[in-house]
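A quick write-up on the structure given underneath.
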Amino acid sequence: MKENYKAWNINIDGFPKEGSIVEQLKFLINFAILAPSSHNSQPWAFTVSEQGITILPEEGRALRESDNNKRQQFISMGCALENIIIAADYFGYTGAITYHLDGVSNARIDVRFSKQQKTGDLRRDPEHLATCITKRRTNRGNYDMSKMLEGKVVQAIRNFSTSQISVFITGDTEIKRRVTETILVATDDAMRSADFRQELAKYITPSITSSPIGMPGNTIGAPFLFSFILSTLIRKMPPGAAQRNQLRTLLEKTPFFLLIATPGDTREEWIKTGQVYQRIALLAEQNRLATHPLAAAIQIGNHYIDLAKIFDTNLRPQFFCRIGYPTKEVPHSPRLTSGKVTLAIP
Ligand SMILES: Cc1cc2nc3c(=O)[nH]c(=O)nc-3n(C[C@H](O)[C@H](O)[C@H](O)COP(=O)(O)O)c2cc1C
């Protein structure tokens with residue numbers, strides 16, 4: 001296996017039960033780094049001590065053009081955080097989270113761990129969400145329109161709503177039609193910006209790549225040879241009618257759309273949005289469903305206002321994705337190893 005894909009190869013039973021607390025927490029970072037992130041930029045860093053794990057935004061991997069207010073970065077950090085909480089639970093630890101997000105330059109999230117007092121059968125649960133972390137991947141392909149989501153899965157997804165986060169999921173044809181139009185316009189708006197394309201192009205790599213960051217062509221549906229020129233094409237010119245139609249077809253080949261929205265628009269709400277999305281993505285994986293985030297209508301211009309209207313909510317849309325049964329498997333994308341994103345404590 002190539003170096004940049006090795007992170008996916010975790011032996012889940014390799015948890016250092018007899019090791020020090022620092023060794024055990026370092027093992028959890030292996031799960032954190034498999035989280036999704038915008039452009040697969042992996043804009044996070046971690047420190048590990050006997051007290052716990054701290055997650056920090058990594059400015060060197062932030063996306064300045066597509067994410068100038070850092071919403072996508074903090075949502076991505078929330079996904080990584082949730083992987084830590086889920087993996088810790090699998091190994092018998094409860095993670096307590098404190099969000100320190102007010103400072104401009106020193107935002108951080110602290111997780112402290114306590115051992116669960118489990119009684120009875122202590123064997124690990126083979127159905128636990130943690131076992132889905134290494135299987136999950138974004139699937140940008142068509143989904144099977146003849147297979148709807150089961151009512152109990154839809155309900156389980158809606159149940160992630162709390163007083164601070166609302167999860168909307170819909171298969172309604174008219175709502176989906178209006179959302180599709182909004183996403184198409186938002187994507188056009190994003191792609192018209194040469195700066196946006198310049199940044200995106202840096203994260204599109206050929207299908208064969210040694211880069212630990214970014215989206216290889218085979219994860220975005222590009223044919224093998226085409227994947228070698230895709231980055232240059234994106235940089236040089238906005239996509240045309242053919243690509244627009246491709247996106248329209250993709251959205252039409254989607255049985256359900258999912259939106260996460262919050263009362264305010266703070267970093268803490270962005271992190272919590274990422275946490276909820278990651279749980280949904282893993283629940284989807286557990287049920288052989290796939291998800292595919294699309295950030296343009298959330299992040300570009302005022303299209304989020306249209307999304308809110310279509311979903312009939314006063315809340316601020318934070319995250320949108322497609323969800324359904326995929327018609328094809330897709331490969332994983334590469335990752336920086338946990339050693340590369342775990343910083344020494346100063
Ligand atoms: C906050 C966030 C925003 C994302 N936005 C998009 C998007 O607009 N379009 C897209 O195709 N994928 C999007 N993705 C998916 C990422 O590109 C994907 O997670 C990343 O390339 C890593 O691949 P993986 O999820 O298969 O591990 C987004 C993911 C996150 C967490």
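The values are calculated or read from the model by the stated rules, or taken from the named source; none is laboratory data. Since this is a predicted model, take the numbers as computed values, not measurements. Glycine gets a Cβ as well: all are built from the backbone with ideal geometry, and neighbour counts include every protein chain shown. All accessible areas refer to the heavy atoms of the entire protein, side chains included, with ligands and DNA or RNA removed. Shrake-Rupley method; radii C 1.70, N 1.55, O 1.52, S 1.80 Å.
List of remarks:
- Note on region 218-241: residues that are assigned to a loop (DSSP other than H, G, I, E, B) and within 14 Å of the ligand (Cβ to nearest atom) amount to 4.
Table: residues versus (1) of a type outside the set (Lys, Arg); (2) outside the structural domain of residue 48 (by TED's automatic domain parsing); (3) under 25 Å from residue 200 (Cα atoms).
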| residue | (1), (2), (3) |
| --- | --- |
| 80 | yes, no, yes |
| 90 | yes, no, no |
| 94 | yes, no, no |
| 117 | yes, no, no |
| 131 | yes, no, no |
| 160 | yes, yes, no |
| 170 | yes, yes, no |
| 175 | yes, yes, no |
| 181 | yes, yes, yes |
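- Subset of region 295-318 (residues that are within 16 Å of the ligand (Cβ to nearest atom) and open to solvent by less than 20 Å² (accessible area, probe 1.4 Å)): 297, 298, 307, 317, 318
- Looking across 120, 171, 214, one residue alone is under 30 Å from residue 84 (Cβ atoms) and modelled with pLDDT of 95 or more. It is 214.
- Residue 111 satisfies every condition listed in (1) over 15 Å from residue 272 (Cβ atoms); (2) without any contact (Cβ under 8 Å) to a residue 60 or more places away in the chain except (1).
- Test: residue in region 136-145 that is more than 23 Å from the chain's Cα centre (by Cα), open to solvent by 30 Å² or more (accessible area, probe 1.4 Å) and at pLDDT 95 or above: yes
- At least 2 residues being within 16 Å of the ligand (Cβ to nearest atom) and over 19 Å from residue 134 (Cβ atoms) is the threshold, and among the strands (runs of 3 or more DSSP E) wholly inside region 5-106 those reaching it are 52-57.
- Qualifying residue in region 237-259 (condition: surrounded by 16 or more Cβ atoms within 10 Å (Cβ to Cβ) and within 22 Å of residue 42 (Cβ to Cβ)): no
- Residue within region 215-233 that is touching a His at 6+ places or on another chain (Cβ under 9 Å) and buried (at least 16 other Cβ atoms within 10 Å of the Cβ) present: yes
- The test for being in a helix (DSSP H, G or I), closer than 24 Å to residue 179 by Cα and out of contact with any helix residue (DSSP H, G or I) (no Cβ under 8 Å at 6 or more places or on another chain) holds for residue 249.
- Residue in region 265-284 that is among the β-branched types (Val, Ile, Thr), within 15 Å of the ligand (Cβ to nearest atom) and in a loop (DSSP other than H, G, I, E, B) present: no
- Residue 204 among the aliphatic types (A, V, I, L, M), within 14 Å of the ligand (Cβ to nearest atom), open to solvent by less than 30 Å² (accessible area, probe 1.4 Å) and in contact with a strand residue (DSSP E or B) (Cβ under 9 Å, 6 or more places away or on another chain): yes
- Residues within region 150-166 that are in contact with a Pro (Cβ under 9 Å, 6 or more places away or on another chain) and either assigned to a helix (DSSP H, G or I) or modelled with pLDDT under 95 (or both), tallied: 2
- When the residues of region 167-198 are filtered to those that are within 15 Å of the ligand (Cβ to nearest atom) and either assigned to a loop (DSSP other than H, G, I, E, B) or open to solvent by 20 Å² or more (accessible area, probe 1.4 Å) (or both), the one that is nearest to residue 241 (Cα to Cα) is 188.
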